[in-house]
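Single-structure report; data block below.
The values are calculated or read from the model by the stated rules, or taken from the named source; none is laboratory data. The model shown is predicted, which means the values in this text are computed figures rather than measured ones. Don't worry about glycine lacking a Cβ; one is built from the backbone with ideal geometry, like all the others, and counts go over all protein chains shown.
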Amino acid sequence: MLTVRFPNGQAVTYKHANYLDYSGSGWELYTKAGGDWIVSIQESAGAIIETEEPCKIENPTIAMTEGVALRMVGRMVENGTCPGAEATQMKAALRHFDARSWSWS
């Protein structure tokens, strides 16, 4: 399977195209090496030919319900692993520091 992406955003996937050959003025897509010709793409078209499927980016927060998200944030706060937890822990520790005597109480 080969996908051809054009500069205007259009993408065409050729399911039976498995072989790519450069002919000097463009690309030729074939079913296999020495197999049936499928399509020619001119070099001046500015197309990108993808030989692999694009990677899939998964975002588990989209499928997460509000309850699950709230429980996850609650656990992060309890464990001290939420963003900014280091600053909060440092502030709590600095409350025991006496700046005039440079000592911990």
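A few comments on the model shown:
- Of the residues making up segment 1-37, those that are surrounded by fewer than 16 Cβ atoms within 10 Å (Cβ to Cβ) and hydrophobic (A, V, I, L, M, F, W, C) are M1, F6, A11, V12, L20, A33, W37.
- Figure legend. Inter-residue proximity from segment 67-79: first residues closer than 17 Å to Q89 by Cα, second residues modelled with pLDDT of 80 or more and part of a helix (DSSP H, G or I), beta-carbon distance below 7 Å, spacing 6+ or different chains. No pairs are indicated.
- Matching option when the condition is surrounded by 10 or more Cβ atoms within 10 Å (Cβ to Cβ) and not polar (S, T, N, Q), among A87, A99, A45, A63: A45
- Q89 vs. criteria of a type in the set (S, T, N, Q) and in contact with a Gly (Cβ under 6 Å, 6 or more places away or on another chain): no
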